[in-house]
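Encoded as structure tokens, the structure appears first; notes follow it.
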Amino acid sequence: MTMPFIQNESLRHCLNLGNALEAPTEGDWGIVLKAEHFQLIKKAGFTAVRVPIRWSSHASENVPYQINISFLDRINWVVNQAIENELAIVINMHHYQDLFSDPQAHRNRYLCLWNQISTYFQDAPNTVLFELLNEPNGKLTSNLWNDLLTECIEIVRKTNPDRTLIVGPANWNHISAELDKLVLPDHNIILTVHYYDPFHFTHQGAEWVNGSDKWIGTSWSNETRQTQKIESDFLRVSNWAQEKKVPVFVGEFGAYNKANLQDRILWTNYVRQQAEKFNFSWAYWEFGAGFGVYDRETKKWRMSLLEALIPKP
């Protein structure tokens with residue numbers, strides 16, 4: 001088994017620590033990561049955490065685009081919490097909106113950010129994985145993303161020659177025609193895709209999605225016509241990945257809390273089962289906010305949702 005496949009095993013049961021460090025400032029969206037969170041996550045049976053990070057809000061706008069050292073130290077604390085709790089950890093670059101609206105203007109800044117991140121974490125254990133960009137979209141087309149990706153990997157490899165990297169296709173990491181356009185210029189890579197279909201179900205009532213109030217009441221009942229779409233989507237990814245000889249990480253999937261809880265449980269369980277059937281690792285979106293499997297107010301897991309992810313033996 002090659003290194004990316006070995007590393008993907010460590011991501012088998014992963015949880016996104018969403019709404020914390022990808023907020024403009026940690027705490028803006030209600031979540032500040034604490035040591036106890038990592039202990040809870042490990043005890044619940046998860047093997048890894050994925051940490052969305054808005055690096056672009058914590059770096060200068062001018063050359064050399066220096067990242068605030070206190071923010072780097074904060075991310076280092078998060079990484080060390082994962083290591084201490086024997087959790088693999090994915091650190092990514094999240095919500096770099098300016099890169100999506102003007103890729104050429106932000107190309108150098110993006111590359112300089114990764115040069116700093118990869119240098120800072122070059123001595124971290126191999127349980128720390130780098131995801132080079134969350135959900136490329138907008139004007140960052142597949143062709144531009146492929147070019148930028150090649151440059152970024154060259155930079156990261158100077159200090160991290162053996163680090164496993166995570167890369168996904170343009171168009172929001174969605175399973176779409178853009179997957180076929182993705183070029184992987186390195187062997188130590190895990191492919192990531194995100195899964196939120198059917199979107200009208202998973203994002204009903206989501207305040208950040210225009211018109212989603214009209215979707216409230218959309219149900220999920222594991223009908224054949226519903227489940228076949230998930231199976232065919234995952235089969236397509238599996239075939240692509242087998243041809244390219246790369247493992248697959250479903251880096252995000254989840255249903256918002258405006259959906260019926262029992263329907264969310266059914267959908268979550270089915271997506272998780274299909275991912276595991278195809279030998280994909282997965283990361284549920286997310287820990288303790290609107291999609292959350294953990295209730296931060298009661299400080300208890302939502303057990304029925306947790307068991308849809310990690311069934312009792």
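Here P169 qualifies as in contact (Cβ under 8 Å) with a residue 12 or more places away in the chain, surrounded by 15 or more Cβ atoms within 10 Å (Cβ to Cβ), assigned to a loop (DSSP other than H, G, I, E, B) and touching a Leu at 6+ places or on another chain (Cβ under 7 Å).
From the list A82, A59, A48, A23, the one residue that fits, being at pLDDT 95 or above, in contact with a Cys (Cβ under 6 Å, 6 or more places away or on another chain) and of a type in the set (A, V, I, L, M), is A48.
All of (1) within 18 Å of the chain's Cα centre (by Cα); (2) among the basic types (K, R); (3) more than 22 Å from A283 (Cα to Cα) hold for R163 with one exception: (3). Just to be sure before I move on: is E154 closer than 28 Å to E243 by Cβ, crowded, with 16+ Cβ neighbours inside 10 Å and either out of contact with any Leu (no Cβ under 6 Å at 6 or more places or on another chain) or not aromatic (F, W, Y) (or both) in the structure I sent? No; evaluated as a whole, the condition is false for this residue. Of the residues F234, F201, the single one that is among the aromatic types (F, W, Y), within 18 Å of the chain's Cα centre (by Cα) and surrounded by 20 or more Cβ atoms within 10 Å (Cβ to Cβ) is F234. Applying a threshold of 7 Å to beta carbon distances and a minimum spacing of six or more residues, or different chains, the list of pairs starting in segment 295-308 at a residue that is of a type in the set (V, I, T) and ending at one that is at pLDDT below 95 and in a helix (DSSP H, G or I) is empty. Scanning segment 5-24 for residues that are touching a residue at least 40 places away in the same chain (Cβ under 8 Å) and farther than 20 Å from I83 by Cβ returns F5, G18, N19, E22.
None of A255, A259 is within 21 Å of the chain's Cα centre (by Cα) and surrounded by 17 or more Cβ atoms within 10 Å (Cβ to Cβ) except A255. Annotation: K244 fulfils all but one of (1) at pLDDT 95 or above; (2) over 27 Å from V183 (Cβ atoms); (3) among the basic types (K, R); the unmet one is (2). The residues in segment 53-71 that are of a type outside the set (D, E) and closer than 19 Å to P103 by Cβ can be counted, and the count is 8. Within segment 121-147, restricting attention to residues that are of a type in the set (F, W, Y) and closer than 18 Å to P52 by Cβ, the residue that is nearest to the chain's Cα centre (by Cα) is F130. With respect to (1) over 27 Å from I175 (Cα atoms); (2) charged (D, E, K, R); (3) touching a residue at least 40 places away in the same chain (Cβ under 8 Å); (4) part of a helix (DSSP H, G or I), the lone exception for D73 is condition (3).
Selection of segment 25-53 for residues being more than 22 Å from E131 (Cβ to Cβ), in contact (Cβ under 8 Å) with a residue 24 or more places away in the chain and assigned to a helix (DSSP H, G or I) yields A35, Q39, L40, A44.
How many residues are in contact with a Leu (Cβ under 6 Å, 6 or more places away or on another chain) and among the β-branched types (V, I, T) if we restrict to segment 1-46? Residues in segment 1-46 being in contact with a Leu (Cβ under 6 Å, 6 or more places away or on another chain) and among the β-branched types (V, I, T): 1 in total. So for segment 295-309 (the condition being farther than 18 Å from H194 by Cβ, touching an Asp or Glu at 6+ places or on another chain (Cβ under 7 Å) and not aliphatic (A, V, I, L, M)), does at least one residue qualify? Within segment 295-309 (the criterion being farther than 18 Å from H194 by Cβ, touching an Asp or Glu at 6+ places or on another chain (Cβ under 7 Å) and not aliphatic (A, V, I, L, M)), the answer is yes, since at least one residue qualifies.
The values are calculated or read from the model by the stated rules, or taken from the named source; none is laboratory data. Values in this document were obtained by computation on a predicted structure and should not be read as measured data. Note that we place each Cβ from the backbone using ideal geometry, even for glycine, and neighbour counts take in every protein chain shown.
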